[in-house]
Amino acid sequence: MKTVITTERIPIKLWLEEDQIEAEALEQARNLANLPFAFKHIAIMPDTHVGYGMPIGAILATKAVVVPNAVGVDIGCGMCSLRTNLTHIEKPELKKIMSEIRKTIPLGFNHHEMPQDESWMPIKKGNLPIVEQEYESALYQVGTLGGGNHFIEIQKGSDGYIWIMIHSGSRNIGFTVANHYNDIAKEKNKALNENVPKDLAFIPKDSEYFDLYWNEMIYCIHFALANRKLMMERTKQAFMDIIPEVEFSDFINKPHNFAALEEHFGELVIVHRKGATRARKGEWGMIPGSQGTQSFLVKGKGNAESFESCSHGAGRVMSRAQARRTLNLKEEISLLSDQGILHAIRNRSDLDEAPSSYKDIDEVMANQTDLVEVQITLQPLAVIKA
């Protein structure tokens, strides 16, 4: 921990210096700290940047309420990794594998042309009105990457092996669930004259909507995992099509947009992690850099002060619009090409995912040595983005 701000109702604990957090994100953190139901303190991770209502890279614990925007619109978004038995891969093989992946995994706004096997869909439990509404569409979306900072990356690990890492979420079903219940929360808070920012509207546990949101959130978390698993299966098949002798092991999955009922500081609370990864003692996790920098497989240290959490990545240093407007396309391409990375930057519109739009991952990792211990460092070889 680097800094503690004590001017609000409860403290704000920062894993970066106060002058390293953008003003709007800090204001959002102050809003969290002044919520009447916020518990103990607010934890801000070193990759933090401004989000909608709540900063990305923040942890909010509450008593008896859930805040939809503290989970986010991409419910269950997270990452998974898989180790291959390969210790080397030639660039022509890598190019062929990436081409095969693009044939079977739709990117950006694209969906499958046919519904996927229903066995990939999570089992429905409880009353799930929005899930039921979106279920048929979701059959076309499971196993699709989406846009933004979602990626499929082939990496070389410091353990000597080739790894696969995938970052994606719950697609439109999670987005629809999140917005539906956030709208309900805003409407109910306004009617009851609740004095909270509208972007942090909450649903109390005694509300009829609490269990509805909770059940649908859990479904979306499971859907996001199913989405990553199906993409991983298609990626494995692409490897096997090109290198038949390849084998796979050590599947790791970690969401970073979710709420969970956990015990902290002797009390049972609802922990909201928005762009933050759970890091219990000995628990494996992933912290990616950008497509031009190293990523890390880590084990958590179970630090109570962060609600047993760590960063979920490097974090943005500039907005997407600013990156497209100010970064130099040739320089960003050169930065990646000089490293021999098969990258995803082709046009100015891709600059929002250029390495220079992200924070220095080494500095981010240095700021959280009390939260995680690095196990394996992963260097990017090839990246797919929308």
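Brief remarks on what is shown
- Test result for residue 139, more than 25 Å from residue 353 (Cα to Cα) and hydrophobic (A, V, I, L, M, F, W, C): yes
- Segment 196-226: number of residues that are farther than 26 Å from residue 30 by Cβ, assigned to a helix (DSSP H, G or I) and of a type in the set (Asp, Glu): 3
- Selection within segment 168-181: residues that are surrounded by 24 or more Cβ atoms within 10 Å (Cβ to Cβ) and not small (Gly, Ala, Ser). The member of this set that is farthest from residue 86 (Cα to Cα) is 181.
- Qualifying residues in segment 126-167 (those that are out of contact with any Asp or Glu (no Cβ under 9 Å at 6 or more places or on another chain) and of a type in the set (Gly, Ala, Ser)) - the one surrounded by the fewest Cβ atoms within 10 Å (Cβ to Cβ): 160
- Taking the listed residues 174, 160, the one that is in a loop (DSSP other than H, G, I, E, B) and among the small types (Gly, Ala, Ser) is 160, with no other qualifying.
- Candidate set from segment 33-79 (those that are charged (D, E, K, R) and over 30 Å from residue 146 (Cα atoms)); member that is surrounded by the fewest Cβ atoms within 10 Å (Cβ to Cβ): 63
- Flag if residue 292 is buried (at least 16 other Cβ atoms within 10 Å of the Cβ), assigned to a loop (DSSP other than H, G, I, E, B), of a type in the set (Gly, Ala, Ser) and more than 16 Å from the chain's Cα centre (by Cα): yes
- Summed over segment 94-148, residues that are in a loop (DSSP other than H, G, I, E, B) and among the aliphatic types (A, V, I, L, M) total 8.
- Pairing residues of segment 247-265 that are under 30 Å from residue 40 (Cα atoms) and touching a residue at least 24 places away in the same chain (Cβ under 8 Å) with residues that are buried (at least 20 other Cβ atoms within 10 Å of the Cβ) and among the hydroxyl-bearing types (Ser, Thr, Tyr), at Cβ distances under 7 Å and at least 6 apart in sequence or on separate chains, gives 254/277; 256/277.
- Near pairs, Cβ below 7 angstrom, 6+ apart or cross-chain, from segment 300-325 (free of Cβ contacts under 8 Å to residues at least 60 places away in the same chain and at positive phi) to any residue that is surrounded by fewer than 21 Cβ atoms within 10 Å (Cβ to Cβ) and not in a helix (DSSP H, G or I): 302/280; 302/281; 308/280; 308/302
- Subset of segment 353-386 [in contact with a strand residue (DSSP E or B) (Cβ under 9 Å, 6 or more places away or on another chain), in a helix (DSSP H, G or I) and either among the acidic types (Asp, Glu) or over 21 Å from residue 18 (Cα atoms) (or both)]: 353, 363
- A count restricted to segment 297-314 and to residues that are over 14 Å from residue 47 (Cα atoms), hydrophobic (A, V, I, L, M, F, W, C) and not in a loop (DSSP other than H, G, I, E, B) stands at 3.
- Condition met for residue 166 (touching a Cys at 6+ places or on another chain (Cβ under 8 Å), assigned to a helix (DSSP H, G or I) and within 27 Å of residue 288 (Cα to Cα)): no
- When 376, 361, 384, 333 are screened for being over 30 Å from residue 281 (Cα atoms) and touching a residue at least 24 places away in the same chain (Cβ under 8 Å), only 384 passes.
- Per this entry, residue 148 is counted among residues that are at pLDDT below 95 and under 28 Å from residue 320 (Cα atoms).
- Single residue of segment 225-254 satisfying the filter (among the charged types (D, E, K, R) and under 20 Å from residue 116 (Cβ atoms)) that is surrounded by the most Cβ atoms within 10 Å (Cβ to Cβ): 228
The values are calculated or read from the model by the stated rules, or taken from the named source; none is laboratory data. Bear in mind the structure is a predicted one, so any value in this text is a computation, not a measurement. Cβ sites come from the backbone with ideal geometry, for glycine too, and all protein chains shown count toward neighbours.
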